[in-house]
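The values are calculated or read from the model by the stated rules, or taken from the named source; none is laboratory data. If you're wondering where the values come from, they're calculated on a predicted model, not measured in any experiment. Note that we place each Cβ from the backbone using ideal geometry, even for glycine, and neighbour counts take in every protein chain shown. Keep in mind that these areas ignore ligands, DNA and RNA; they rest on the heavy atoms of the full protein, side chains included. Shrake-Rupley method; radii C 1.70, N 1.55, O 1.52, S 1.80 Å.
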Amino acid sequence: MIAADYHLRMSGSNPSEVFRIVERAGAGNRLWLRGEEGGDQIAHIAASAYEGPTLPDTVTHPTLQRRAGAGPHAWQLGCDQGRFDFESAVVERIETQPALYLPLHRPFALSATDRMAVRIMLALLRLPGGARLLRRWHARRSA
């Protein structure tokens, strides 16, 4: 049963045209492709329980779609290098945009003084009572 399907067909406005294979097997026989673009947006394609042909190291202009009439786990990857039929339990397209959350994380960022204090405190952890000092500093900063 498919738990989630995100963007089975990749949009034409996708800035990433070239995907490089990051992982071919690993845990659960996973296939992981990462988009190569210079911008802030990073696109990934993940296929779990992948069973199919060996893909080339680089895939350009990929499109993912289900194979009609071939079963619930049948997929087809079309790209400039050819068409590849494979079986996979779940295929996901994930897009990350780290800059989207940058303003939200800014209030929690440590200042240069706090970063130096943390480095000193971590160095003091080796000494007796160092953990107590670190806990006190953190409690004072959190209050």
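Quick rundown of the values:
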| quantity | calculated |
| --- | --- |
| Residue match in region 83-95 (condition: under 25 Å from the mean Cα position of the chain (by Cα), within 22 Å of residue 23 (Cα to Cα) and without any contact (Cβ under 8 Å) to a residue 24 or more places away in the chain) | yes |
| Top-ranked residue in region 37-60 [being charged (D, E, K, R) and modelled with pLDDT of 85 or more; ranked as farthest from residue 95 (Cα to Cα)] | 51 |
| Residues of region 11-36 that turn out to be open to solvent by less than 80 Å² (accessible area, probe 1.4 Å) and either in a strand (DSSP E or B) or modelled with pLDDT of 85 or more (or both), as a count | 8 |
| When residues of region 98-130 are limited to those that are small (Gly, Ala, Ser) and within 34 Å of the chain's Cα centre (by Cα), the one least open to solvent (accessible area, probe 1.4 Å) | 117 |
| Filter result for the condition that a residue is within 28 Å of residue 36 (Cβ to Cβ) and either of a type outside the set (Ser, Thr, Tyr) or in contact with an Asp or Glu (Cβ under 8 Å, 6 or more places away or on another chain) (or both), over 115, 135, 83 | 83 |
| Verdict on residue 68 being farther than 17 Å from residue 22 by Cα and open to solvent by 40 Å² or more (accessible area, probe 1.4 Å) | yes |
| Failed condition for residue 115, given (1) touching a strand residue (DSSP E or B) at 6+ places or on another chain (Cβ under 9 Å); (2) part of a helix (DSSP H, G or I); (3) among the charged types (D, E, K, R) | (1) |
